[in-house]
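Every read-out reported here was derived from the displayed coordinates using simple, explicitly stated rules and does not represent laboratory data. Quantities reported herein were computed from a predicted structural model and do not represent experimental measurements. Here the Cβ positions follow ideal geometry from the backbone for every residue, glycine too, while neighbour counts run over all protein chains shown.
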Amino acid sequence: MEDGRPIFLQIAELLENSILDGTLAEEEQVPSTNELAAFHRINPATAAKGVNKLVDDGTLYKKRGIGMFVSSGARAKLRGRRRDDFARQYVQPLLTEARKLGIDPTELKHMIDTWEQAR
Amino acid sequence: MSPVISVTDLTKRYRGGVTALDRVSFSLTENRIYGLLGRNGAGKTTLMQILTAQNFATSGEVRVFGEHPYENERVLARTSFIKESQTYPPVRVHHVLRAASLIHPGWDEEFAQQLVDDFRLPSRRNVRKLSRGMLSALGIIIGLASRAPLTFFDEPYLGLDAVARQIFYDRLLADYTEHPRTIVLSTHLIDEVSELIEHVLLIDAGRLLLDADAETLRGQVLTVSGPVASVDEFARTGTELHRVRLGGTARATVRGDFGPADHDRARTLGLALEASSLQDTVVRLTTATNGAAPAITGATSKEAHR
Amino acid sequence: MNRALTVARLQFVAWPFVVGWPWGILALSFFINLALFASIGDIDPAPVTGGLASIYIVMLVASTQTIMQDFPFTIGLGVSRRSFYLGNLLQFTTQAIGYAAVLYLLAVVEEATGGWGIDLTFFGLPFLLVDNPVLRYLAFAIPFLLLGFLGIAIALVFKRWGVNGILTLTTATIVGFGGLGVLATWRGWWPAIGGWFADQPGGALLVGYPALLALPLAAASYLIIRRATP
């Protein structure tokens with residue numbers, strides 16, 4: 001785990017990433033809290049908190065006595081939410097840095113186009 | 001849920017006037033892993049000694065499992081205290097383990113043997129001939145295999161290499177998961193245990209500085225750097241713990257109830273933002289209270305204790 | 001009480017160490033004496049070696065060691081001071097009973113074999129009523145207890161008050177006995193004191209008075225251990 005940010009958020013995010021890239025399919029069982037704790041070498045209570053966060057927002061659901069599963073439609077919902085976050089996490093710092101260097105928005109758009117074509 | 005330990009206004013003064021603990025109050029909830037942190041001589045060992053009735057309080061109230069631990073077998077039989085300075089009679093390793101198994105009602109012999117193998121402890125050897133690291137391993141094995149509902153580890157791994165420490169953390173976590181119990185882990189190696197502990201108690205110069213959920217603490221302490229004016233503005237939203245300055249640039253460690261909005265604000269102010277690790281937080285908190293790190297220091301000042 | 005029994009059992013976990021030392025030293029002392037007196041040949045009067053004292057000295061040392069080493073260990077494991085103390089009392093009493101029985105048997109064998117064939121008195125006690133078996137047995141057992149408790153008490157003084165405690169205790173002992181000695185010399189009491197000792201039956205010297213001394217020692221040790229820290 002990286003330092004600094006609450007670990008349960010990082011656990012939740014790791015699971016979200018697995019759902020987004022298809023490693024964890026919808027209706028598939030998620031690793032147990034204890035498995036997550038042992039794998040990441042973290043406190044089981046913290047792992048549980050991360051999993052519960054995803055249960056609370058509907059990404060996962062609980063089958064009693066069996067474990068946690070990925071909800072149907074979770075992937076699409078996550079993608080929508082991540083798109084909203086994208087602007088805040090990436091676009092805003094991009095604009096701040098651009099302003100510092102005197103790059104105006106038109107020039108910035110042009111740069112993006114050039115880099116996209118060069119890919 | 002009734003607390004496993006509750007401590008009220010605990011004070012310990014040694015003859016000669018040293019105050020090891022100064023009106024310390026807290027309580028511990030069942031089945032959690034606690035990190036008891038603080039610098040050498042902060043009072044951690046004294047606290048654990050009093051909680052296990054091995055030392056005597058000057059004043060204040062101590063309750064363990066709801067009772068006073070002194071001469072109380074009901075409490076002591078459920079407690080295991082592994083300390084760095086533990087001495088053993090000059091007998092063989094398996095004798096020591098046998099003795100520990102007699103004392104602890106929850107002892108798991110199979111687990112103990114497995115740990116002996118894991119740590120490659122020579123069980124026929126006399127404890128007098130064990131290396132420092134092997135002695136530490138012996139203590140760790142006793143602490144884990146005793147499965148006491150309340151287990152204290154006081155700097156349990158002097159002389160243990162990184163591999164052996166990792167074995168300790170892994171076994172501790174796995175066994176705790178299967179057999180939940182209250183564990184108090186006192187250590188200097190904060191980075192190594194920061195993800196194992198659920199709750200942090202920080203003691204400095206006999207006072208309790210911090211009694212906080214480890215996850216809540218994470219993200220509460222941020223280090224921002226950038227133009228002095230921007231740093232000043234951000235620092236106003238919390239308590240500044242430390243600052244270094246280089247020309248018009250400053251770096252400050254600030255504690256506050258920060259959320260995503262504060263992160264955004266720092267970025268808008270053009271500040272670089274870094275969340276402090278638990279270790280950094282502890283270093284900042286313990287140096288700030290000692291007056292060793294005034295609010296503004298020159299860039300040449302070493303960041304203490306790193 | 002259960003925990004005290006556990007502590008007593010715990011003391012015997014490393015029984016080769018516990019039992020081995022006193023009997024090893026005694027055996028060594030015995031065989032040396034045996035060899036020595038066998039080579040010298042007839043001596044008149046028949047020799048009394050005093051080698052028996054070695055096992056009692058070992059017990060004194062062992063009881064000191066118990067406090068110095070086992071107290072921090074056992075208390076560290078999570079046992080109350082009371083249980084530790086009672087467990088050790090139990091352990092020392094058990095040893096005293098067992099060892100005295102063995103010594104008694106050896107003394108009987110010694111008599112039956114005419115002092116191991118060379119008229120050697122190693123296990124037999126010189127000035128004791130041989131005709132009272134109970135008293136004879138107790139004369140072996142009680143000194144074990146006295147020395148055991150003495151060792152425990154001395155070590156506890158060290159545990160609780162450190163070197164200063166031992167120095168104070170030593171000084172007090174020297175001053176106390178020295179003072180009595182001076183007083184006795186000054187007042188000319190020595191003949192009376194000697195006469196008193198001579199008048200005491202052997203049973204009183206080896207059983208009665210040691211028992212009277214052992215009891216307050218045991219009580220004082222308990223009071224000291226209540227506030228001792230490992």
For segment C:60-70, Karplus-derived ³J(HN,Hα) couplings (6.51, -1.76, 1.60; θ = phi - 60°; whole Hz; x for glycine and proline) come out as 4, 5, 4, 5, 5, 4, 4, 5, 5, 9, 7
Beyond 21 Å, the calculated P(r) of segment A:7-72 holds a percent of Cα-Cα pairs equal to 12 percent
In deg cm²/dmol, rounded to the nearest 500, the helical mean residue ellipticity at 222 nm of chain C, built from -39500 (n - 2.57) for every DSSP H run of length 4 or more, is -25500 deg cm²/dmol
P(r) over all Cα-Cα pairs of the protein assembly as shown, 10 Å bins from 0 to the longest distance, whole percent per bin, short to long, reads 3, 12, 18, 19, 15, 11, 8, 6, 4, 3, 1, 0, 0
Taking every other residue with Cβ under 11 Å from the Cβ of residue C:87 and scoring Lys and Arg +1, Asp and Glu -1, one gets +3
For residue A:62, counting only lysines whose alpha-carbon sits under 26 Å away and dropping same-chain residues fewer than eight positions off, the answer is A:49, A:53, A:77
Whole-number value, in Å³ per residue, for the convex hull of the alpha carbons of segment B:66-131 is 116 Å³
Ranked on Cβ counts within 10 Å of their own Cβ, fewest leading, C:54, B:136 go C:54, B:136
Listed residues B:206, B:17, B:38; largest mean-square fluctuation, Gaussian network over chain B with Cα springs below 10 Å, found at B:17
In whole µm²/s, the translational diffusion coefficient that Stokes-Einstein assigns to chain A, given a Kirkwood hydrodynamic radius over C-alpha pairs, 20 °C and 1.002 mPa s, equals 130 µm²/s
With T = 25 °C, eta = 0.890 mPa s and Kirkwood Rh from C-alpha pairs, the Stokes-Einstein D of segment C:55-96 in µm²/s is about 230 µm²/s
Along segment A:31-48, Karplus-curve 3J(HN,Hα) (6.51, -1.76, 1.60; θ = phi - 60°) to the nearest Hz, with x for Gly and Pro, reads x, 6, 3, 5, 5, 4, 5, 5, 5, 8, 6, 10, 4, x, 5, 5, 4, 4
Partner shielding of A:41-50, as the mean number of partner chain Cβ atoms within 10 Å, equals 6
Surrounding charge for residue C:218, neighbours by C-beta under 15 angstrom, Lys/Arg +1, Asp/Glu -1, total +3
The alpha-carbon pair-distance distribution computed for segment B:1-117, with 5 angstrom bins and whole-percent values, is 2, 9, 17, 20, 19, 14, 11, 6, 2, 0
Counting all Cα-Cα pairs in segment B:219-289, those more than 17 Å apart amount in percent to 33 percent
Phi angles of segment A:87-104, converted by Karplus (6.51 cos²θ - 1.76 cosθ + 1.60, θ = phi - 60°) into ³J(HN,Hα) in whole Hz with x for Gly and Pro, give 4, 5, 6, 10, 5, 4, x, 4, 5, 4, 5, 4, 5, 4, 8, x, 8, 7
Helix C:15-40: inclination vs chain C longest Cα principal axis, degrees, rounded to 10, gives 20 degrees
Under the helix-only model (-39500 (n - 2.57) for each DSSP H run of 4 or more, divided by the residues of chain B), the mean residue ellipticity at 222 nm, to 500 deg cm²/dmol, is -9500 deg cm²/dmol
Ordered by fewest other Cβ atoms within 10 Å, a rough proxy for footprinting exposure, B:135, B:241 read B:135, B:241
Square roots of five times the C-alpha gyration tensor eigenvalues of chain C, ordered largest first and given in whole Å, equal 33, 26, 16
Computed on Cα atoms, Rg of segment A:75-118 relative to 2.2 N^0.38 Å comes out at 1.41
In degrees rounded to 10, the 0-90 angle between helix C:209-225 Cα long axis and the longest Cα principal axis of chain C is 20 degrees
Candidate span helices, chain B: DSSP H, at least 15 Å along axis from Cα coords, Kyte-Doolittle average at least 0.0, result B:93-103, B:132-145, B:278-289
Longest principal axis of chain C (C-alpha) makes with the long axis of helix C:133-187 (C-alpha) an angle, in degrees to the nearest 10, of 60 degrees
Here the net charge surrounding residue B:158, from other residues whose Cβ is less than 11 Å away from its Cβ (Lys, Arg +1; Asp, Glu -1), is 0
Listed with the fewest Cβ neighbours within 10 Å leading, B:94, B:242 appear as B:94, B:242
Filtered hits (lysines, Cα-Cα < 23 Å from residue B:44, offset >= 8 within chain) -> B:12, B:83, C:159
Sorted by chain and then number, the residues having a modelled amide H within less than 5 Å of the amide H of residue B:31, at least 5 places away or on another chain, are B:182
Computed over segment C:128-230, the convex hull of the Cα set has an average projected area, in nm², of 7.9 nm²
If one builds a Gaussian network model of chain B from Cα atoms under 10 Å apart, the most fluctuating residue listed among B:168, B:258, B:119 is B:258
Cα convex hull volume per residue for chain B, in Å³, equals 154 Å³
